[in-house]
Amino acid sequence: MPNPNTALIERFYTAFQNLDAESMAACYAPDILFQDPVFGVLHGKEAGDMWRMLLGRATDFTLTYDSIKSIGQVASAKAVARYTYSATGNTVVNEINARFAIRDGLIAEHTDVFDLWRWSRQAFGMKGWLFGWTPQMQRAIQTKARKALKEYRQKARP
């Protein structure tokens, strides 16, 4: 029998490949704790809304994933997302190491780790190359992402 936690992560990434944010969100526990370098920490419905926003804007998007491992209630995977960053029109290839904590058959914690400076160089070009490593630029990236999510959530749920 396949490992149910591995199957859950497989289901999550298959939905991601298919730009199906609803199915991705359905893999999350209601009190999900999500974290990545761009959005920082998100709780509960914010995480699902982040995927809805991002996938709703996605252009030229592809995702590959592999190395799904599950030990007890902890899982990990590697993913590579390729897409056009909407703010600049630049192509981004983001290599992600993901960690998951699973509770009652749902993802309770999801942490994506990637090199934000590498991401910013691709997304912003020379500006990202020169300043993407600085804490000020990294905070600005996170502030902009959080603002976009807040605006998306206000429009989606007036």
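How long, wide and thick is the range 57-126, going by the Cα atoms along their three principal axes, in whole angstroms, largest first?
43, 22, 19
Alpha carbon centre of the range 61-128 versus the range 23-45: separation in Å?
Spelled out, the Cα-based centre of one part sits 13 Å from the other.
Expressed in nm², what is the orientationally averaged projection area of the convex hull enclosing the Cα positions of the range 1-54?
On the way: hull surface 15.7 nm².
If you wrap the Cα atoms of the range 1-54 in a convex hull and average its projections, you get 3.9 nm².
Ignoring everything except DSSP H segments at least 4 long, calculate the 222 nm mean residue ellipticity for the chain; use -39,500 (n - 2.57) per segment, divide by total residues, nearest 500. Each step should come with its number before you reach the end.
Working: 6 runs with 70 residues, N = 158.
Helix-only estimate at 222 nm: -13500 deg cm²/dmol.
Expressed as cubic angstrom per residue, what is the convex hull volume of the alpha carbon set of the chain? Provide the component values of the computation, followed by the final result.
Values: hull volume 16.6 nm³, N = 158.
Normalising the Cα hull of the chain by residue number yields 105 Å³.
Taking a virtual spin label 7 Å from the Cα of A140 along the C-beta vector, which residues in the range 84-104 bring their backbone nitrogen under 15 Å of it?
Under 15 Å, as judged by backbone N against the label point of A140, lie 88 of the range 84-104.
For T143, T88, what's the fewest-to-most ordering of other Cβ within 10 Å of each Cβ?
Fewest-to-most Cβ neighbours within 10 Å comes out as T143, T88.
Testing the spin-label approximation: label points 7 Å from Cα along Cα→Cβ at T84 and A26. State their distance in nm.
Between T84 and A26, the label points sit 3.0 nm apart.
Please order M53, M126 by the number of other Cβ within 10 Å, starting at the fewest. Present the calculation step by step, with values, prior to reporting the outcome.
Working: M53 19, M126 8.
Fewest-to-most ranking of M53, M126: M126, M53.
Where a number appears in this text, it was derived from the coordinates with a stated rule and is not lab data. Predicted model only: the values in this text are computed from it and were never measured. We place every Cβ from the backbone using ideal geometry, glycine too, and count neighbours over all the protein chains shown.
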